[in-house]
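**Q** Input: one structure, supplied below.
The values are calculated or read from the model by the stated rules, or taken from the named source; none is laboratory data. Because the structure is predicted, anything quoted here is derived from the model rather than measured. Accessible surface areas use protein heavy atoms only, side chains included; no ligands, DNA or RNA. Shrake-Rupley method; radii C 1.70, N 1.55, O 1.52, S 1.80 Å.
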Amino acid sequence: MSIIPVPAYITPTTPLRRRPPYQPAGAGVERGLNRAYDAVDRAFTRPAGRLTCLPWLRTTFVKGATLKKADIPFLTASDLAGLIKEREVSPVEAVEAYLDRIEALNDKLYAYLTVCREEALQAARESEKALARGEDLGPLHGVPVAVKDQLHTAGIRTTFGTPIFNDFVPEEDAAVVSSLKSAGAILLGKLNMT
C-alpha cells in the first residue's frame, strides 16, 4: 500500500479558534485577543461552494498512492512514525532520505556541524530489525531527528558552536537526547547554533 500527499482543507466543521488555556487578566487585553482570533476565523472561513486550500497547513496522506523517497523529509514526525509502524516506510529509507537531503543542502545552509551518517544508518538497521521482530521501541520508533550542538551526545563531538570545543566528545547523553533515544528516535547529527 502506498501514500500520496493531499492538501489539507479548511471546512466549516474545522475548529480554527485555538484559544490559549490562560487568558490574561483585563477586559481590554482579552477583547483584543478575541478580536484577533475572530479575524483569523473570518479570513479562513470557507466561502459557500468553494474549498480554500491553505498550503502552509500540515499535509495529510492517504493510502493507495505512492510516496517518493524525496518526500519523506517533509512528513511530520507523527505521520512518519505512523508510516513506519504500518511498514509503509522503513527506518532505513527514512534515514537515507534525510541524509540525501542533508548532503544536497548542507553546503549552502551549514545547518549541520556534525553528520552521523554511519551511526544513523546502523541505528536505522537495528530499528528495522526490531520492527520485524514485532518490538515497539516507542512513539518515535525509527524517526530521524537532529539536536542542537549545545546538547551532550555520548561519543559524538559537541562544539557548543565555538572552535574552543572542537575536540570535545561527551561521555554521556543529555537528558533530552536520552529521552529521544528511549522513544526510538534516530540521531542524524548536530545542528549549528545560529
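**Q** Tell me the per residue accessible area of the range 52-194 using a 1.4 Å probe; a whole number in Å² is fine. Each step should come with its number before you reach the end.
**A** Details: 8060 Å² over 143 residues.
Per residue, the range 52-194 has 56 Å² of solvent-accessible surface.
**Q** If you roll a 1.4 Å probe over the range 94-166 with all protein chains in place, what percent of the accessible area is carbon or sulfur?
**A** Working: 2220 of 4070 Å².
On the range 94-166, the fraction of accessible area on carbon and sulfur atoms equals 55 percent.
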